[in-house]
Amino acid sequence: MMLPMGGLAKLRVDGRMTWREAERGWIAAPEEIVSALAREGFEECKREMTTSRRDRRPAGGVWQGLNTRTGSVASAIWVNRAVWPRAIIFITVDGESVKGIEGPSADRDP
């Protein structure tokens with residue numbers, strides 16, 4: 001699924017959100033993704049964090065939002081990695097995986 005230019009696309013163009021084909025997900029800071037989805041009109045319905053049994057640090061989380069204007073549902077599921085400053089994030093809108101974002105690409109000529 002492609003999303004229109006907006007908060008997520010800005011994160012991608014700014015290099016703060018990168019597609020990683022090997023994991024088939026995005027590398028980004030979860031709070032930036034959640035904030036971008038909120039700016040796109042998705043109101044938070046659910047947010048949960050998981051912790052590691054060993055050190056009780058957050059191992060990942062899930063966020064779900066509803067756009068009351070359109071009825072669309074967005075979800076973000078992330079897994080934190082100890083050696084990476086950002087998480088691997090899987091984003092869906094209405095059950096479809098967000099794999100690309102319309103708008104100018106940082107890796108293409110304008």
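Tabulated values for the structure
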| read-out | value |
| --- | --- |
| Environment charge at residue 27 (Cβ cut-off 13 Å; Lys +1, Arg +1, Asp -1, Glu -1) | +3 |
| Placed amide H near residue 40: partners under 5 Å, 5+ positions off or other chain | none |
| Label-point separation, residue 18 to residue 57 (7 Å along Cα→Cβ), nm | 2.0 |
| The stretch 10-84 - percent of accessible surface contributed by carbon and sulfur, probe 1.4 Å | 50 |
| Label-to-label distance, nm, for residues given as residue 82 and residue 44 (7 Å Cα→Cβ offset) | 2.8 |
| 5 angstrom amide H check on residue 25, placed H, neighbours 5+ away | 20 |
| Amide H contacts under 5 Å for residue 72, placed H, 5+ residues apart | 67 |
| Bins of 10 Å from zero: percent of alpha-carbon pairs in the stretch 11-96 | 18, 48, 29, 5, 0 |
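The values are calculated or read from the model by the stated rules, or taken from the named source; none is laboratory data. Just so it is clear, the model here is predicted, and its values are computed rather than measured. Positions of Cβ are backbone-derived with ideal geometry, glycine not excepted, and every protein chain shown enters the neighbour counts. Heavy atoms of the whole protein, side chains included, go into the accessibility calculation; ligands, DNA and RNA do not. Shrake-Rupley method; radii C 1.70, N 1.55, O 1.52, S 1.80 Å.
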